[in-house]
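Okay, so here's the structure we're looking at.
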Amino acid sequence: MAAGRPGRALTMDGSWDAGAARIGPVAQPAPDTKVRGLVRRFGPTAVLDGLDIDIPAGRFVALLGRSGSGKTTLLRTLAGLDTAEQGEVILPPKRAVVFQEPRLMPWKRVWENVALGLPDHDARDRAELALREVELAHRMDAWPLTLSGGEAQRAGLARALVRDPDLLLLDEPFAALDALTRLRMQALVTALWKRHGMAALLVTHDVDEALLLADHAVVLQRGQIGLQLPIDLPRPRRHGTPAFAVLRGELLGSLGLSAEEAA
Ligand SMILES: Nc1ncnc2c1ncn2[C@@H]1O[C@H](COP(=O)(O)OP(=O)(O)OP(=O)(O)O)[C@@H](O)[C@H]1O
Ligand SMILES: [Mg+2]
């Protein structure tokens, strides 16, 4: 990959800065995420085939697409977990990922999972703060296997938050949860996003979830972004309004489904 410079940021004058976008007391705005011409092949198949995407600082983008269309591959590239062969990727320095499964280490307590990789001296305090934000501080000394699915996913969210990311990457984080827990998690992620002001990229199969949470929905098709849909609905959002239904129809259409099939 020509660029892909994880941990490096484009400074405001357009030059590269090796990840030190926040030195000094004055907080610099996090740079936007920009991807240009990204190519990732597995064997002869180009899963990402010249893909362009922008995630402006502070914006919430939902990424949809059929199974196997390359959503996780793109997210892994943005997280620095996968390297593409071609393309330009400009990233904010601090990124964190929440996966579909919480991926907690069973032999470490909840707070130790959250604090993984933090400097020792204040790790527990920082983990506790993050766990408090996801309403899980009371389970900080628990073992991961004793958590419910929703609690484990909240611990995964705390592990991402503790890194104070400029870009939060979420790969179907609510897919395995029951409907009620899922609604609570959606509300929690919306509240955290508003409070922290980071950019977010949420991979989801759920059109309604995209419309409830995101500023923009994009659909991955044949290795590129096929549809970019601004979601200009006022927040908090509600299902069932005429404007919601129009956007829903448009998104479903680009996924090859009708509203009746999705009902
Ligand atoms: N390490 C790998 N080796 C070979 N093929 C891979 C690898 N990772 C992904 N693929 C293939 O790349 C394609 C895109 O995979 P990816 O996981 O990005 O899809 P996805 O859009 O996230 O799908 P889903 O919605 O089912 O999670 C799939 O065909 C997958 O089999
Ligand atoms: Mg996936």
- Query: Within segment 204-240, how many residues are more than 19 Å from residue 185 (Cα to Cα), out of contact with any strand residue (DSSP E or B) (no Cβ under 8 Å at 6 or more places or on another chain) and surrounded by 14 or more Cβ atoms within 10 Å (Cβ to Cβ)?
  - Reply: 1
- Query: Here are some residues: 127, 137. Which one is in contact with a Phe, Trp or Tyr (Cβ under 8 Å, 6 or more places away or on another chain) and either surrounded by fewer than 16 Cβ atoms within 10 Å (Cβ to Cβ) or of a type in the set (A, V, I, L, M, F, W, C) (or both)?
  - Reply: 127
- Item | Positions within segment 82-95 being surrounded by fewer than 20 Cβ atoms within 10 Å (Cβ to Cβ) and within 18 Å of residue 58 (Cβ to Cβ), in sequence order | 90, 94
- Check every one of the strands (runs of 3 or more DSSP E) wholly within segment 58-137 and list those with 1 or more residues that are in contact with a strand residue (DSSP E or B) (Cβ under 9 Å, 6 or more places away or on another chain) and farther than 27 Å from residue 209 by Cα. 86-90
- Message: Just to verify a result, which residue in segment 66-119, among those that are within 15 Å of residue 48 (Cβ to Cβ) and free of Cβ contacts under 8 Å to residues at least 40 places away in the same chain, is farthest from the chain's Cα centre (by Cα)?
- Response: 68
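Of the residues 201, 168, only one is at pLDDT 95 or above and within 16 Å of ligand 2 (Cβ to nearest atom); which? Outline the logic, then answer.
Details: 168 fails: within 16 Å of ligand 2 (Cβ to nearest atom).
Of the residues listed, the single one that is at pLDDT 95 or above and within 16 Å of ligand 2 (Cβ to nearest atom) is 201.
The rows are residues; the columns are (1) surrounded by 15 or more Cβ atoms within 10 Å (Cβ to Cβ); (2) more than 26 Å from residue 252 (Cα to Cα); (3) at pLDDT below 95; (4) away from ligand 2 (no atom under 16 Å from the Cβ).
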site: 49; (1), (2), (3), (4): yes, no, no, yes
site: 69; (1), (2), (3), (4): yes, no, no, no
site: 75; (1), (2), (3), (4): yes, no, no, no
site: 78; (1), (2), (3), (4): yes, no, no, no
site: 99; (1), (2), (3), (4): yes, no, yes, no
- Hey, residue 33 hits all of (1) touching a residue at least 40 places away in the same chain (Cβ under 8 Å); (2) within 16 Å of ligand 2 (Cβ to nearest atom) but one; which does it fall short on? (2)
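The values are calculated or read from the model by the stated rules, or taken from the named source; none is laboratory data. Quick caveat: nothing in here was measured; it's all calculated off a predicted structure. Counting neighbours? That spans all protein chains shown, and the Cβs are built from the backbone with ideal geometry, glycine included.
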